[in-house]
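To start, the structure under review is shown below, and the notes come after it.
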Amino acid sequence: MNHHTQAHAHVTATLAAAAWRENLTGLRDRAAIQNNTIHTTTHAGNRLTFTATLEAFNQITPYGPVTHNGQPITDPTVLLTLLAPHADPIELTDAVEGLTLAFQRHEHIVADHRRAARRLGAATSIQLAQHLQQNTNDHLICRHFEPLAVTGHHLHPGARTRLGWNHHDRLAYDLEANGTTDILFLALDRRQAVSTTDGHGRDIDAVMATWFPPLTEHLSPDRILIPTHPWQHRHATAGTLRPLTETGHLTDVPQLRLPAEPTASIRTLVTRTGHYLKCSLDIHITSTRRGISPATAANGPVLSRTIIDLIGRDATLAPHITVLPEIAAVSLPHHHPASRDLTCILRAPLTDHLQPGELAVPATALCARSPISGRHLISELALQHPHQPAHFLEIYATKLLDTTIRLATEYGIGMEAHLQNCIPTFIDATLHRVILRDLGGARIHLPTLHRAGYKPPLHPASVTTTDDITEAHTKVAYTVLQNHLAAIVTAMEADDLLHHATAWKIITDIVADIAIPDATRNFYTAPTLPHKALLHMRLMGDGDHHVPVDNPLHQSS
């Protein structure tokens, strides 16, 4: 199968899975299942048939063709038209193009990993990383793993959508980019800027000058230097930011270039010192355009300090979870017409927050297949673990659930702990801690946080805060159970390490033992849980939307 055909098949299968999971137009209600073969009809009566593995939370993994009235569908836009006749197929077309290129570039990454493994005598990707860690900074080990997850968000048909980029942009800036992506700098009149300083009162440029000395001679009391993604630099200065450049309030600093590499987040780049810079990038990736609001910039450092402080004071949380802090940020004012287009958030290096012996593996890579062993990386770790895979999963799920559910229950903080935002660390192939990165998607129930003694000055326009504690728990239920742990269970079952019924019984027992009120536990073990309906949201354009999915924690209890 060539790369283009492979990309078409993957996006078609992911689209079918999303429509099934979300019961789009009653697709699941009209279905009959025989030996894993699903027969259903669209609202217009078109017959769809596909074979799939049936998983928790109504998730499925189709294999083989999806057929319409008996004929194979080879293009996801055809399936989209059957599901939603008036939908615009451009995102799926772009996703196929992006995934095709990613598959092509992935071959070179696989070859590089295999050559390194042969040179170092490593039989698995985990062993290779352990060898490399002896001579490489840990943040590069983390970046080394991320491109293994070539298909991107495992629940989203548009995972490789990059609307706004052309072929050259994908080659230069996407996750599989070969080489560095130089971060550029713009100087903004301080009267036009909103700066969120670090704990010592320093602006983002002053903090960066401590580890990037070329910035020092450009620091000014009148202007603030803003790190900018090179694509954004080129396009925004000629577009939404043009009025600022024409008035002289925004000027280029061509002498400054900071080498960095893209991460799985794409708009977040990691420098050679390990610092992360989350930059505005006004292209459409997965579900939305990736500008950054002033509220997100203002809240990041404030929330980081709050969460790190409360974790440090909580003996249950402190050994098992931490946050990779957002140190400082800068943006335009909230009311500015280009308010989302010139934002940057500085995040600390991973190496500053690792303990001796920890191997950091981004969770997205845990559910990717190793180029060396052919197994998923989570299975490599489980097989290297000193006890049975069931014990490995029990430790993993306990630390992840006990901490994230406790944060929501005791502090009102619903962390967005899906695969991309988590960096689990392992010692002797056993989960040691979970490091959370990117606080922009969290949901904060202020009354609970205030009762715990914390009143951080959050931005008044923030969508992070809520008056409904259920929103914090819904965030955990979707990101931790349905996204993160469901993918872990699926990967381990695919490698014949653990049957899904056994895995979900383990996870159910863990939730039963967590010290939380009965009403909270009942939310997590209810017959259904709310699922973030990503496909529905794209088709209907009506913001966050949740649909009920069958809950294995209820079925296993």
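The values are calculated or read from the model by the stated rules, or taken from the named source; none is laboratory data. Since the structure is predicted, the reported quantities are computational estimates derived from the model, not experimental observations. Cβ placement follows ideal geometry from the backbone for every residue including glycine, while neighbour counts extend to all protein chains displayed. All accessible areas refer to the heavy atoms of the entire protein, side chains included, with ligands and DNA or RNA removed. Shrake-Rupley method; radii C 1.70, N 1.55, O 1.52, S 1.80 Å.
Within region 145-159, can one find any residue that is of a type in the set (Asp, Glu) and part of a loop (DSSP other than H, G, I, E, B)? No, that holds for no residue. Just name the residue that is nearest to Trp231 (Cα to Cα) out of those in region 288-325 that are open to solvent by less than 30 Å² (accessible area, probe 1.4 Å) and hydroxyl-bearing (Ser, Thr, Tyr). The qualifying residue nearest to Trp231 (Cα to Cα) is Ser293.
Within region 494-524, being of a type in the set (Val, Ile, Thr) and closer than 24 Å to Thr61 by Cα holds for Thr502, Ile506, Ile507, Thr508.
Residues in region 209-225 that are over 30 Å from Arg105 (Cβ atoms), open to solvent by less than 30 Å² (accessible area, probe 1.4 Å) and out of contact with any Phe, Trp or Tyr (no Cβ under 9 Å at 6 or more places or on another chain): Ala209, Ile224.
Restricting the search to region 255-275, which residues are within 12 Å of His229 (Cα to Cα) and out of contact with any helix residue (DSSP H, G or I) (no Cβ under 7 Å at 6 or more places or on another chain)? Arg257, Leu258, Pro259, Ala260, Ile266, Arg267, Thr268, Leu269, listed by residue number. Being closer than 30 Å to Thr197 by Cβ and buried (at least 22 other Cβ atoms within 10 Å of the Cβ) holds for only one residue in Leu346, Leu381, Leu366, Leu377, and it is Leu346. Close Cβ contacts (under 9 Å, 6 or more residues apart or on different chains) running from residues in region 21-35 that are at positive phi to residues that are open to solvent by 40 Å² or more (accessible area, probe 1.4 Å) and assigned to a strand (DSSP E or B) comprise Asn23/Pro548.
Within region 10-51, restricting attention to residues that are aliphatic (A, V, I, L, M) and surrounded by fewer than 20 Cβ atoms within 10 Å (Cβ to Cβ), the residue that is modelled with the lowest pLDDT is Ala44.
Which members of region 321-366 meet the condition of being part of a loop (DSSP other than H, G, I, E, B) and farther than 17 Å from Ile435 by Cα? Result: Leu332, Pro333, His334, His335, His336, Pro337, Ala338, Ser339, Arg340, Asp341, Leu342, Thr343.
Just one of the listed residues (Arg538, Arg521) is within 21 Å of Thr316 (Cα to Cα), open to solvent by 40 Å² or more (accessible area, probe 1.4 Å) and among the basic types (Lys, Arg), and it is Arg521.
Per this entry, Arg406 is not counted among residues that are free of Cβ contacts under 8 Å to residues at least 60 places away in the same chain, over 28 Å from Gly152 (Cβ atoms) and surrounded by fewer than 24 Cβ atoms within 10 Å (Cβ to Cβ). For region 160-187, the set of residues classified as of a type in the set (A, V, I, L, M, F, W, C), in a loop (DSSP other than H, G, I, E, B) and more than 19 Å from the chain's Cα centre (by Cα) consists of Trp165 only. For region 52-72, a residue qualifies if it is open to solvent by 60 Å² or more (accessible area, probe 1.4 Å) and of a type in the set (A, V, I, L, M, F, W, C), and exactly one does: Leu54. Considered as a group, the residues in region 220-267 that are basic (Lys, Arg) and not in a loop (DSSP other than H, G, I, E, B) include one that is nearest to His336 (Cα to Cα), and that residue is Arg242. The combined condition, being at pLDDT below 95, in contact with a Gly (Cβ under 9 Å, 6 or more places away or on another chain) and not in a strand (DSSP E or B), is not fulfilled by Ala318. Those strands (runs of 3 or more DSSP E) of region 406-501 in which 1 or more residues are under 15 Å from the mean Cα position of the chain (by Cα) occupy 422-427, 430-436.
Output yes when any residue across region 92-104 is at pLDDT 95 or above, part of a loop (DSSP other than H, G, I, E, B) and surrounded by fewer than 17 Cβ atoms within 10 Å (Cβ to Cβ), and no when none is. No, region 92-104 contains no residue that is at pLDDT 95 or above, part of a loop (DSSP other than H, G, I, E, B) and surrounded by fewer than 17 Cβ atoms within 10 Å (Cβ to Cβ). When restricted to residues that are open to solvent by 10 Å² or more (accessible area, probe 1.4 Å) and aliphatic (A, V, I, L, M), region 463-477 contains 2.
Got a sec? Which of Thr136, Thr151 is over 22 Å from Thr273 (Cβ atoms), under 25 Å from the mean Cα position of the chain (by Cα) and open to solvent by 10 Å² or more (accessible area, probe 1.4 Å)? Thr151 is the lone residue from the list that is over 22 Å from Thr273 (Cβ atoms), under 25 Å from the mean Cα position of the chain (by Cα) and open to solvent by 10 Å² or more (accessible area, probe 1.4 Å).
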